[in-house]
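Asks: Sharing a structure below in structure tokens format, with a few things to ask.
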Amino acid sequence: MNMKGILLVNLGSPRSTSVPDVREYLDEFLMDEKVIDYRWFFRALLVQGIILNTRPAKSAEAYKTVWTDEGSPLIVITQKIQKKLQKLVDVPVEIGMRYAQPSIEEGIQKLVNQGVSDIVLFPLYPQYAMSTTETVIEKAEEVRKKKFPGIKINYVQPFYNREIYIDCLAESIREKLPENFDALQFSYHGVPERHIFKTDPTNTCNLNDCCTRENNPSHQFCYRHQCFNVTNSVIKKLGLPKEKVMVTFQSRLGKDKWMEPYTDETLETIGKKGVKNLAIVCPAFVSDCLETLEEISVEGKHQFEHGGGENFHYIPCLNDEDRWIEVVKTLCEEKLNEFYLV
Ligand SMILES: C=CC1=C(C)c2cc3[nH]c(cc4nc(cc5[nH]c(cc1n2)c(C)c5CCC(=O)O)C(CCC(=O)O)=C4C)c(C)c3C=C
Ligand SMILES: [Fe+2]
Ligand SMILES: [Fe+2]
């Protein structure tokens, strides 16, 4: 029988906080056609001609504020998930990053070296997006065809609507919610609106009410729907009234129209509208990273306080919580078992 293994894939971080390492990372990341979806010439003009002149120095400073002795939080947490999962399953578990190191190719190579030929690859993103799930699968398929034509890869699908995940997220939030809060803000990583239209094979999403309607055919590929779906399912489990909940989108880059409302603008204004005590959670990320630890916990807190808010409470990601590792195990095992059916 073929030997099986698991590859956990996350986004990736720079090798270090030095400006050249951050530049190299941003170059690989932003030159991905699934992230900045312009034609090569215009993408290169924007990324290599403009963004890489100024952004690496700014991002390097931000990375320095979250970096730990062990390295980037995103990588360190992914390694912790790997170690905990390895204790629960009897097949090898490795990690790979979509950008920088350890690469998806390195992760697959480590599994192959242990005799694995049937791989369950888990993109660690709850919601589908062209710039996350889709680019991971495309890259893994490219690597498989070029370097490992004899192996099989079975992909764990976005799990935004899986009850085990929603239960886990809701419980994690419930434990960390402060006693008194005026609002709970769900801040998801944003994407340009164009990305949603581009990946909608049904052409039925208009980024309006349809994203919250039941059974619209575009939901499988609509990041906006999947964010609302997570929010609604979680608040139902928590028994929170809708009036106390906000959904916003963070981390926009460039001049395109990104999904609204924007997290930073919301944080600047809600204090004056009476939200003095705020809890905020970021369910587009399963592990804490630059975008949660710096953009939300530090910058977001300043924005909120600047706009008249008083108590800002950041709720960490699932990271290596035991109940989340159980969810990862279940989702991987479902896909491992599918190999027996083929
Ligand atoms: C056009 C640009 C970007 C799109 C589209 C995008 C989508 C997207 N990203 C994540 C998750 C993460 N992004 C992270 C950092 C980050 N993202 C962008 C740009 C886009 N992301 C940039 C330029 C950066 C780098 C940092 C910076 O300069 O601000 C991270 C953190 C990485 C880390 O090392 O900690 C994550 C995670 C999702 C989920 C997503 C679409 C849904
Ligand atoms: Fe991003
Ligand atoms: Fe939609």
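Asks: Quick check: is even one residue across segment 7-30 more than 16 Å from ligand 2 (Cβ to nearest atom), crowded, with 18+ Cβ neighbours inside 10 Å, closer than 19 Å to residue 75 by Cα and within 19 Å of the chain's Cα centre (by Cα)?
Replies: Yes; the residues of segment 7-30 include at least one that is more than 16 Å from ligand 2 (Cβ to nearest atom), crowded, with 18+ Cβ neighbours inside 10 Å, closer than 19 Å to residue 75 by Cα and within 19 Å of the chain's Cα centre (by Cα).
Asks: Scanning for something touching a Phe, Trp or Tyr at 6+ places or on another chain (Cβ under 7 Å) and either surrounded by fewer than 21 Cβ atoms within 10 Å (Cβ to Cβ) or not hydrophobic (A, V, I, L, M, F, W, C) (or both), does segment 80-93 turn up at least one residue?
Replies: no
Asks: Where in segment 1-82 are there helices (runs of 4 or more DSSP H), lying fully within it, with 3 or more residues that are in contact (Cβ under 8 Å) with a residue 12 or more places away in the chain, within 10 Å of ligand 1 (Cβ to nearest atom) and under 20 Å from residue 132 (Cα atoms)?
Replies: Counting at least 3 such residues, we get 19-30.
Asks: Same structure, new question: Condition test on residue 185, is it buried (at least 22 other Cβ atoms within 10 Å of the Cβ), of a type outside the set (Gly, Ala, Ser) and either away from ligand 1 (no atom under 16 Å from the Cβ) or touching a residue at least 60 places away in the same chain (Cβ under 8 Å) (or both)?
Replies: Spelling it out, residue 185 is indeed buried (at least 22 other Cβ atoms within 10 Å of the Cβ), of a type outside the set (Gly, Ala, Ser) and either away from ligand 1 (no atom under 16 Å from the Cβ) or touching a residue at least 60 places away in the same chain (Cβ under 8 Å) (or both).
Asks: Also, I was wondering about something else. Is segment 243-250 home to any residue that is away from ligand 1 (no atom under 16 Å from the Cβ), in contact with a Ser or Thr (Cβ under 6 Å, 6 or more places away or on another chain) and more than 30 Å from residue 48 (Cβ to Cβ)?
Replies: Looking for residues that are away from ligand 1 (no atom under 16 Å from the Cβ), in contact with a Ser or Thr (Cβ under 6 Å, 6 or more places away or on another chain) and more than 30 Å from residue 48 (Cβ to Cβ), one finds none in segment 243-250, hence no.
Asks: Would it be correct to say that residue 116 is aliphatic (A, V, I, L, M) and farther than 21 Å from residue 319 by Cα?
Replies: Answer is yes for this residue.
Asks: Is one or more of the residues making up segment 128-142 farther than 24 Å from residue 22 by Cα, among the aromatic types (Phe, Trp, Tyr) and crowded, with 18+ Cβ neighbours inside 10 Å?
Replies: The answer is yes; a qualifying residue exists.
Asks: Now for a separate question. More than 23 Å from residue 286 (Cα to Cα) and among the aromatic types (Phe, Trp, Tyr) - does that describe any residue in segment 11-32?
Replies: Within segment 11-32, not a single residue is more than 23 Å from residue 286 (Cα to Cα) and among the aromatic types (Phe, Trp, Tyr).
Asks: Just one of the numbered conditions (1) within 16 Å of ligand 2 (Cβ to nearest atom); (2) surrounded by fewer than 17 Cβ atoms within 10 Å (Cβ to Cβ) is not true of residue 192; which one?
Replies: Of everything listed in (1) within 16 Å of ligand 2 (Cβ to nearest atom); (2) surrounded by fewer than 17 Cβ atoms within 10 Å (Cβ to Cβ), residue 192 misses just condition (2).
Conditions (1) more than 16 Å from ligand 3 (Cβ to nearest atom); (2) part of a strand (DSSP E or B), marked per residue:
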position	(1), (2)
107	yes, no
121	yes, yes
127	no, no
139	yes, no
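Asks: For the structure I just gave you, tell me whether residue 223 is within 16 Å of ligand 3 (Cβ to nearest atom), over 21 Å from residue 167 (Cβ atoms) and either under 19 Å from the mean Cα position of the chain (by Cα) or of a type in the set (D, E, K, R) (or both).
Replies: yes
Asks: Let me ask something additional. Would you tally the residues in segment 234-256 being at pLDDT 95 or above and within 23 Å of residue 134 (Cβ to Cβ)?
Replies: Of the residues in segment 234-256, 3 are at pLDDT 95 or above and within 23 Å of residue 134 (Cβ to Cβ).
Asks: A follow-up question, please. Regarding segment 149-165, can at least one residue be identified that is more than 16 Å from ligand 3 (Cβ to nearest atom), crowded, with 21+ Cβ neighbours inside 10 Å and either hydroxyl-bearing (Ser, Thr, Tyr) or within 21 Å of residue 36 (Cα to Cα) (or both)?
Replies: There is at least one residue in segment 149-165 that is more than 16 Å from ligand 3 (Cβ to nearest atom), crowded, with 21+ Cβ neighbours inside 10 Å and either hydroxyl-bearing (Ser, Thr, Tyr) or within 21 Å of residue 36 (Cα to Cα) (or both).
Asks: Of (1) in contact with a helix residue (DSSP H, G or I) (Cβ under 9 Å, 6 or more places away or on another chain); (2) outside any loop (DSSP other than H, G, I, E, B); (3) among the aromatic types (Phe, Trp, Tyr), residue 99 satisfies all except one. Which?
Replies: Unmet for residue 99, out of (1) in contact with a helix residue (DSSP H, G or I) (Cβ under 9 Å, 6 or more places away or on another chain); (2) outside any loop (DSSP other than H, G, I, E, B); (3) among the aromatic types (Phe, Trp, Tyr): (2).
Asks: Then there's this: Which members of segment 193-220 meet the condition of being more than 10 Å from ligand 3 (Cβ to nearest atom), closer than 28 Å to residue 267 by Cα and in contact with a Ser or Thr (Cβ under 9 Å, 6 or more places away or on another chain)?
Replies: Listed by number, the list holds a single entry, 195.
Asks: Residue check, residue 234 against (1) in contact (Cβ under 8 Å) with a residue 24 or more places away in the chain; (2) touching a helix residue (DSSP H, G or I) at 6+ places or on another chain (Cβ under 6 Å); (3) within 16 Å of ligand 1 (Cβ to nearest atom), all met but one. Which one?
Replies: Checking residue 234 against (1) in contact (Cβ under 8 Å) with a residue 24 or more places away in the chain; (2) touching a helix residue (DSSP H, G or I) at 6+ places or on another chain (Cβ under 6 Å); (3) within 16 Å of ligand 1 (Cβ to nearest atom), the one that fails is (3).
The values are calculated or read from the model by the stated rules, or taken from the named source; none is laboratory data. Note that the coordinates shown come from a computational prediction; the quantities given were computed from them, not determined experimentally. No Cβ is skipped: glycine too gets one built from the backbone with ideal geometry, and neighbour counts run over all protein chains shown.
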